[in-house]
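I'd like to ask you about the structure that follows.
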Amino acid sequence: MNTVTVLLDIPSDLVPQATYVFHFFGNAWGLHIDVCCNKDGRAPFHIYYGNRDRAPSSNKAVIIECEALFYDSKSVRSYVEQDGLAECGKDGSPVIGFDVVASVFRLLTMADEQQIISTSRDRLGNFFVDALPEYRRGSIDLPLVDYYAAFLLDKLLCLAPEFRTSVMPRWPNGKKFAVCLSHDCDLTCMGAPLELATAVVKGFVRRKRVFFDMALEGVKCFGSPMDSTLWGFSGWHEFEKDHKMKSCFYLSLSPRKSWRRLNDCKSDVFARGVDWKVFQSMHKEGWEFGLHPSLDAQMDLEEIILQKKAIEERLEAPIMGLRHHYLAIDNFNPHLTFQKHVEAGFVYDSSLGWEEKAGFRSGTSLPFYPYDPLNKAPFTLTELPLSLMDTYVMHDGDTDSAIKEGRRISSLVRDIGGMIMLNWHTESYCSNYIFSNYLLVLRNILEPLLEHNDIWVATPVEIAEWWNNRNRELQHQLLG
Ligand SMILES: [Zn+2]
């Protein structure tokens, strides 16, 4: 037997959302899912989702109580943690009284963020986690969705142990969790006029010498950016070779047709003196390059396409993924940005992370397909959630706390068999100036992980392709 049959006994307008969640569970579990709505036509079923009192008693199944109101993003609800998932028996069928399906839908679609008032957001809809409704704030650093998936699978396998032999491994070669290193490339040429000017202004405004030192560095390497200590590419290349791993660099560039914003990147690898043969050669060795779109790009499909093409032309290879600068997707309506990613031809995005804290914005550490509310179906785009970034942990210069926090998040992901996406900015490799100790902290988080034999280290595109192939195989699995 290799198909889990799910019977939905819920209002018809909720069927697409619940179906979406069960297919997410199917990917998380590695099991083929068949969702049906006809109580009489299909038997046996393994999961019943609806009103527990109406669940057919002729069939033992995992019963999940549906609470339709929870699908309304305006409703206020709390999420229970791993050990709080209630369960009570009914004629041998486990009954889950907490609506894990609606909860997962809310989390994956970031529905709770709809309650954030506009005054707590900036122009692009970005917000700090303090603006979240209180009931969501307490769980920003927990992969709740992964916990719910594991809980439900446990109940299913107790009831139908025959599925144990059908489970498709989550990661290749029996690996138990995945680690992915990536680099947003914000500051690539310190000698660029805008970088120099900004450093000088910051030096005066913040009264900090470090910015004048950076400006001096820029003057020294003017016209030859690859000689600057802030040019991180070669450093990361060596570092990763030493650690037997490869990563992805998300390259930024100036807006092609829209306005430059104050916080857009002030230098890029299109500057004079940058030899793209270095990138072409790294790409041939297996390093990945993606796009780091400028702030307003998410509003304009053509801008995204132009930026993608500009990199592809110089790299002489297609690029598959992106992460927005400042994670600036349309945070009022994230699906509008995902739609543009699909139309621009991207395979994956990795922009879903909190603004300033490590954790799990969509409640999961796993790759998933964002929900398209217009077509009531998943997008053909893989989301690789960003859980741990240098700036999330590197504040106050307290390296011990930064290492502790990074290790805490990575062990949560390891324990649940998920994927940890790390983002250390290219320029932070120098571990100098305002990036002091950045590399030290990364080493202390990453190196203990690499000691495990059950870790799969891969580039983002390798993870996305693995997940997509596995998804296709699960979708097309023959009925047993
Ligand atoms: Zn950036």
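The values are calculated or read from the model by the stated rules, or taken from the named source; none is laboratory data. The shown structure was predicted, so the numbers you read here are calculated from the model rather than taken from an experiment. Using ideal geometry, Cβ is built from the backbone for each residue, glycine included, and neighbour counts are taken over all protein chains shown. For accessibility, only protein heavy atoms count, side chains too; no ligands or nucleic acids. Shrake-Rupley method; radii C 1.70, N 1.55, O 1.52, S 1.80 Å.
With Leu442, Leu474 as the choices, which residue is open to solvent by less than 10 Å² (accessible area, probe 1.4 Å), on the phi < 0 side of the Ramachandran plot and without any contact (Cβ under 8 Å) to a residue 60 or more places away in the chain?
Selected residue: Leu442, the only one of Leu442, Leu474 that is open to solvent by less than 10 Å² (accessible area, probe 1.4 Å), on the phi < 0 side of the Ramachandran plot and without any contact (Cβ under 8 Å) to a residue 60 or more places away in the chain.
Filtering region 288-306 down to residues that are surrounded by fewer than 21 Cβ atoms within 10 Å (Cβ to Cβ) and either within 16 Å of the ligand (Cβ to nearest atom) or not aliphatic (A, V, I, L, M) (or both), which residue is modelled with the lowest pLDDT?
Asp296
So Pro161 clears everything in (1) in contact (Cβ under 8 Å) with a residue 60 or more places away in the chain; (2) more than 16 Å from Gly359 (Cα to Cα); (3) open to solvent by 20 Å² or more (accessible area, probe 1.4 Å); (4) not β-branched (Val, Ile, Thr) except one condition, right? Which one?
Only one criterion in (1) in contact (Cβ under 8 Å) with a residue 60 or more places away in the chain; (2) more than 16 Å from Gly359 (Cα to Cα); (3) open to solvent by 20 Å² or more (accessible area, probe 1.4 Å); (4) not β-branched (Val, Ile, Thr) is unmet by Pro161, namely (1).
Select from region 323-349 the residues that are closer than 20 Å to Lys309 by Cα and among the acidic types (Asp, Glu) and list them in ascending order.
Glu343, Asp349
Continuing with the same structure: In region 191-228, what residues are within 16 Å of the ligand (Cβ to nearest atom) and open to solvent by 40 Å² or more (accessible area, probe 1.4 Å)?
Across region 191-228, the qualifying residue is only Leu194.
Please enumerate the residues belonging to region 393-406 that are touching a helix residue (DSSP H, G or I) at 6+ places or on another chain (Cβ under 6 Å) and either open to solvent by 30 Å² or more (accessible area, probe 1.4 Å) or in contact (Cβ under 8 Å) with a residue 40 or more places away in the chain (or both).
Val393, Met394, Thr399, Ile403, Glu405, Gly406
Going by the structure shown, is Val278 β-branched (Val, Ile, Thr), in the same structural domain as Asn453 (by TED's automatic domain parsing) and within 16 Å of the ligand (Cβ to nearest atom)?
No: the conditions fail for Val278.
I'd like the full set of residues that are over 30 Å from Ile116 (Cα atoms), open to solvent by less than 40 Å² (accessible area, probe 1.4 Å) and either in a loop (DSSP other than H, G, I, E, B) or within 16 Å of the ligand (Cβ to nearest atom) (or both), limited to region 309-344.
Ile311, Ala317, Ile319
Moving on to the next point. Please pick out the residue among Trp236, Trp231, Trp259 that is away from the ligand (no atom under 16 Å from the Cβ) and open to solvent by less than 40 Å² (accessible area, probe 1.4 Å).
Trp231
Let me ask you something else. Scanning region 350-359 for residues that are over 8 Å from the mean Cα position of the chain (by Cα) and of a type outside the set (Gly, Ala, Ser), which turns out farthest from Asn331 (Cα to Cα)?
Lys357
Could you count how many residues in region 179-233 are in contact with a strand residue (DSSP E or B) (Cβ under 8 Å, 6 or more places away or on another chain) and either of a type outside the set (Gly, Ala, Ser) or farther than 30 Å from Ser350 by Cα (or both)?
So the count comes out to 9.
Condition check: among the hydroxyl-bearing types (Ser, Thr, Tyr) and part of a helix (DSSP H, G or I). Does Ser410 satisfy that?
yes
Do you know which residues across region 134-190 are more than 16 Å from the ligand (Cβ to nearest atom) and among the small types (Gly, Ala, Ser)?
Selection gives Gly138, Ser139, Ala149, Ala150, Ala160, Ser166, Gly174, Ala178.
If I go through region 298-335 residue by residue, how many of them are closer than 22 Å to Pro385 by Cα and among the basic types (Lys, Arg)?
Residues in region 298-335 being closer than 22 Å to Pro385 by Cα and among the basic types (Lys, Arg): 2 in total.
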